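J.: One structure follows; several queries about it will come next.
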Amino acid sequence: MNTLLDKNTIGFLVDSRSQTGELSQLGELLNAPKDFAKRYSIPISKPVERKLLELGEINKAKGYKPDDPTNKEIMSFFNRVLIDGRFIEEWATNPSNAAKQIDAKVSPEAIRRIEELNFNDLVDTKLLIDPKRVNQEAIGVVIVIVLVVIFVLIPSSASLAIQEVIVDPRAQGKV
């Protein structure tokens, strides 16, 4: 399987964020990306549309509840990894080791759920390590990665702004 969020799809998401200010309309973006693109006059290719629809199907299949404490734990853990910046790829591939590296206590359920995501099938993790590969600022790529976590972990009916996702907005400059 090709990764769902490749350079082109990430580019579309970054363009979407710049056109809308934030991506709180996650449901529409995942369920009807073509309509979303048309409404905001953002070009979308067929492959990007297919990938977003597939991501929407994954979102529906997971069915995690927005108030699930494990989701909150995963987001908190992700934020710690994000702020540290050294173990972002490892968070996706070996969350237990990433937790040890940053001295984070993470429940076995949270570790299992992260591993269950098969994050490497969702995102080209090389883009996390070298954001220049997508010609975007590092924070743009990081925001997209956070969105991927939200897409899969929190149902798209939840109305969240990107700024609400990152636990400490002052840490954005450290990334």
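The values are calculated or read from the model by the stated rules, or taken from the named source; none is laboratory data. The model shown is predicted, which means the values in this text are computed figures rather than measured ones. Note that each Cβ is placed from the backbone with ideal geometry, even for glycine, and that neighbours are counted across all protein chains shown.
J.: Tally up the residues in the stretch 72-124 that are more than 27 Å from LEU13 (Cα to Cα) and either of a type outside the set (A, V, I, L, M) or at pLDDT below 85 (or both), please.
T.: Counting residues in the stretch 72-124 that are more than 27 Å from LEU13 (Cα to Cα) and either of a type outside the set (A, V, I, L, M) or at pLDDT below 85 (or both) gives 10.
J.: Let me ask something else about it. Of all residues in the stretch 17-50, count the ones that are under 14 Å from the mean Cα position of the chain (by Cα) and at pLDDT 80 or above.
T.: 2
J.: Then there is this: How many residues does the stretch 72-102 contain that are touching a residue at least 40 places away in the same chain (Cβ under 8 Å), closer than 27 Å to PRO33 by Cα and either small (Gly, Ala, Ser) or buried (at least 21 other Cβ atoms within 10 Å of the Cβ) (or both)?
T.: Residues that pass the stated criteria total 2.
J.: Does the stretch 103-123 hold any residues that are without any contact (Cβ under 8 Å) to a residue 24 or more places away in the chain and buried (at least 16 other Cβ atoms within 10 Å of the Cβ), and which are they?
T.: Hit for the stretch 103-123 is ILE111, nothing else.
J.: Restricting to the stretch 1-16, give me the number of residues that are exposed (fewer than 15 other Cβ atoms within 10 Å of the Cβ) and either modelled with pLDDT under 75 or β-branched (Val, Ile, Thr) (or both).
T.: 2
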